[in-house]
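Beneath this line is the structure, given in C-alpha cells, with notes to follow.
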Number of protein chains: 2
Amino acid sequence: MGTIVVGYVPKPEGKAALRRAVEEARLRKLRLVVVNSHRGGREFDRDDALESETQLDEVKAELDGVGIEHEVRQLVRGFDPAEDLVDVAKEVSAELIVIGLRRRSPVGKLILGSNAQRVLLDASCPVLAVKAEE
Amino acid sequence: MGTIVVGYVPKPEGKAALRRAVEEARLRKLRLVVVNSHRGGREFDRDDALESETQLDEVKAELDGVGIEHEVRQLVRGFDPAEDLVDVAKEVSAELIVIGLRRRSPVGKLILGSNAQRVLLDASCPVLAVKAEE
C-alpha cells in the first residue's frame, strides 16, 4: 500500500494540508503519515511539548474517525521541518507529499518560505501545495 | 466538469508535468487545459514560433490518443509564464495546477525558479509540483 506524507502544524495552512491529504489518501487508496516536526532546543519547553501533544491527539482522533490507515509522527531532533518531512518521505517511499502554504498577504510581497522551497526542491516524489482557506 | 491546468514547455520538466496532469485528469475525471506561454518579443522569432507549434502539435496528437477532453493554449502576449498560467487557472476555475520543476543538481545549491514560486504563491487552487525523471 502506497503512502502520502503530510507536514502538519496546528495553523490554518497545516490544517488545510491535512484536510487535503485525507482527500488524496481516499481518492488514491493510500495510507497517510502525518509528520509534525519541531527543531526542539531551548525554545521548545515542556508547555510547548504538552500543547503540541494535545493538538496531535486531536489529529489522531480526527483521522480515526475518517477510517483511513494512518500514522502520526512527532519529531523533535534538531532538524528543520523540511528535512524531517523529506527524510520520512524517503523512508516510507512516499508517492506524494502534501504541504500547506500561507496565503499571500494583500499588502506586501510574500516570498515562499524556506521550508516549502526545500521540500519542493529536495523531495523525490511530487509535492502538492495547498493554501489555507480564506 | 472541473479542469486541470498544466504549464507546458518542451523540456524534461514540462513533459513530466504533462504526463502527470494526464494521470490526474484521468483519476479525478477532469478535463485538461495545457498552457504554453512565451513572453514573445525580439527573442521569439519566426523559427521559434514554428518550432513551438510543431511541439504543441505533438502534444495535441498525444492527448487525442489518450482520450481525455483537452484544450491547448499557446500564449504570446508579453507576460511571464507564471502570470499566464495563474490567469488561465483563474479564468477556467481550475481545481488543480500542475507544474514541472527542474531537478536539483548534485553540485551546487539550486533555488526554486521565480516562475514556480510565483505560481505557488499566486494560484488560488492547489499546485502539484513534479520533477523530471532522472
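The values are calculated or read from the model by the stated rules, or taken from the named source; none is laboratory data. Since we're looking at a predicted model, the values are computed, not measured. Counting neighbours? That spans all protein chains shown, and the Cβs are built from the backbone with ideal geometry, glycine included. Ligands, DNA and RNA are excluded from the accessible area calculation, which covers all protein heavy atoms including side chains. Shrake-Rupley method; radii C 1.70, N 1.55, O 1.52, S 1.80 Å.
Structure above, values below:
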read-out: Compactness of the range A:42-82 as Cα Rg over 2.2 N^0.38 Å, two decimals; value: 1.37
read-out: Packing rank of B:53-64, A:22-33, where each peptide gets the mean count of other beta carbons within 10 Å, highest leading; value: A:22-33, B:53-64
read-out: Axis-nearest residue of B (beta carbon) for the B-onto-A rotation, whole Å; value: B:LEU128, 3
read-out: Listed residues B:GLU43, B:GLU13 arranged by accessible area, highest first, probe 1.4 Å; value: B:GLU43, B:GLU13
read-out: Which listed pairs, of A:LYS11/B:LYS90; B:LYS15/B:LYS131; A:LYS131/B:LYS29; B:LYS15/B:LYS60, have C-alpha distances above 20 Å, in listed order; value: A:LYS11/B:LYS90; A:LYS131/B:LYS29
read-out: Distance histogram for the range A:1-106 (every C-alpha pair counted, 5 angstrom bins, percent rounded to whole numbers); value: 2, 12, 23, 25, 20, 11, 5, 1, 0
read-out: Per-pair calculated FRET efficiency, R0 = 45 Å: A:ALA49 and B:ARG77 via Cβ, rounded to 0.05; value: 0.25
read-out: At 7 Å out from Cα toward Cβ: B:ASP45 inter-copy label distances (nm, ascending); value: 6.8
read-out: Accessible surface, per residue, of the range A:1-91 when the full set of protein chains is kept, probe 1.4 Å, Å²; value: 55 Å²
read-out: Calculated label separations, B:SER93, copies of the chain, 7 Å along the beta-carbon direction, nm; value: 4.1
read-out: Cα gyration tensor shape of the protein assembly as shown, rounded if a/c is under 1.5, else prolate or oblate by comparing a/b with b/c; value: prolate
read-out: A:ARG46, B:ARG102, reordered so the largest accessible area comes first (probe 1.4 Å); value: A:ARG46, B:ARG102
read-out: Carbon/sulfur fraction of accessible area - chain A, other protein chains in place, 1.4 Å, %; value: 48 percent
read-out: Averaged over A:123-131, number of beta-carbon atoms from partner chains that fall within 10 Å; value: 6
